[in-house]
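Below is one structure; the comments refer to it alone.
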Amino acid sequence: MRETSRLGLPDSWLIPEWPAVPGVHALCTSREGGVSREPWGSMNLGDHVSDDPAHVRRNRELFRAALQARTPGACTAFLRQVHGVDVLALDEGNVTESNGAAFDACVTDVAGVVCTIMVADCLPVLLAHDSGLVVGAAHAGWRGLAGMPPARKRSEGPLPGGVLETLFASFCRKVQAQPSIAATESERSRIAAHTQAWLGPCIGPESFEVGAEVRDIFVAHEPGAAQHFVPVAGSDGKYLADLAQLARQRLSALGIVAIFGNDGSRPWCTVSNASRFFSHRRDAVRLGSSGRLAASIWRDA
């Protein structure tokens, strides 16, 4: 986790530590730096969690100012995450009107257009092509990763691909549309080889208890996923799941091997670090609500 104070950001915000990509910027907020009162204190960016709307508006203004301090004119949409797999291609024409639109991932090749997703236990995943021309972001809870949106019946089984697969498909189309990228570098395998991923904070493997049905969905897709579920002693079919490692497995299957950030260790756990991160699972019942963090990625002109 890189030091942020020298960038004029709150110390607890995260800047991805990954090999520099020309013209690409990324960050992830923490609880620090806003005006909301508890239980949303203080940098809550979610407008659907019963926080004072005026506080949320001010926090979003502060967030946009932080983006624009690094890239003048940078603009973002605050999408509504619904644990699905749909991806929105953002450009200067739709970024403003997309606020509140229901998407769990976004992608862009337009300079100054910021891909932002919000989380409070689910995993933020940021992608950048080594050319610096295409970036993307995904909100990856277990349902999104597995391709099992809430409205989908269990009897129907998961979709062919989860949110990381759908994001990468859109990401590849953007890369393939770049005239400066040679045709030989536009095959999916070559795009994957030239893509970096960063995983932000999420609920950790010591806190994420799930039922056997969740494990079964992942294992049916990839038997090797079983290693990321640990039985809960004395429980009836409960497991502790490692969301970050499940995402790494999915990204690796796409051919993306340059994966940085969250490794499943305790410092990345939203539940275990109450002073730094929001957590829906930790706070929603105990305090009545929880705020939302934001993870963003964008490119310069």
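The values are calculated or read from the model by the stated rules, or taken from the named source; none is laboratory data. Quick caveat: nothing in here was measured; it's all calculated off a predicted structure. Using ideal geometry, Cβ is built from the backbone for each residue, glycine included, and neighbour counts are taken over all protein chains shown.
As for region 167-175, it holds at least one residue that is in a helix (DSSP H, G or I) and of a type in the set (Ser, Thr, Tyr).
Residues in region 58-73 that are closer than 27 Å to residue 121 by Cβ and of a type in the set (Gly, Ala, Ser): 65, 66. Restricted to helices (runs of 4 or more DSSP H) entirely inside region 196-297, those with at least 2 residues that are touching a residue at least 40 places away in the same chain (Cβ under 8 Å) and within 27 Å of residue 26 (Cβ to Cβ) are 243-253, 280-287.
With respect to the conditions (1) under 25 Å from residue 269 (Cβ atoms); (2) under 20 Å from the mean Cα position of the chain (by Cα), residue 21 falls short on a single one, namely (1). Looking at region 176-195, can you tell me whether even one residue there is within 20 Å of the chain's Cα centre (by Cα), surrounded by fewer than 24 Cβ atoms within 10 Å (Cβ to Cβ) and under 24 Å from residue 19 (Cα atoms)? Yes, there is a match, as at least one residue in region 176-195 is within 20 Å of the chain's Cα centre (by Cα), surrounded by fewer than 24 Cβ atoms within 10 Å (Cβ to Cβ) and under 24 Å from residue 19 (Cα atoms). Just one of (1) over 13 Å from residue 121 (Cα atoms); (2) modelled with pLDDT of 95 or more fails for residue 264. It is (1). Per the conditions (1) surrounded by 15 or more Cβ atoms within 10 Å (Cβ to Cβ); (2) under 24 Å from residue 288 (Cβ atoms), the sole criterion not satisfied by residue 52 is (1). Across region 1-15, the qualifying residues are those that are closer than 21 Å to residue 112 by Cβ and at pLDDT 95 or above, and the one among them that is surrounded by the most Cβ atoms within 10 Å (Cβ to Cβ) is 13. Across region 151-197, the qualifying residues are those that are touching a strand residue (DSSP E or B) at 6+ places or on another chain (Cβ under 9 Å) and among the charged types (D, E, K, R), and the one among them that is nearest to residue 299 (Cα to Cα) is 174. Residues that are closer than 16 Å to residue 136 by Cβ, out of contact with any Gly (no Cβ under 7 Å at 6 or more places or on another chain) and among the small types (Gly, Ala, Ser) were ranked within region 55-98; the one that is surrounded by the most Cβ atoms within 10 Å (Cβ to Cβ) is 77. Yes or no: region 274-290 includes at least one residue that is surrounded by 16 or more Cβ atoms within 10 Å (Cβ to Cβ) and among the β-branched types (Val, Ile, Thr). No - not one qualifying residue is present in region 274-290.
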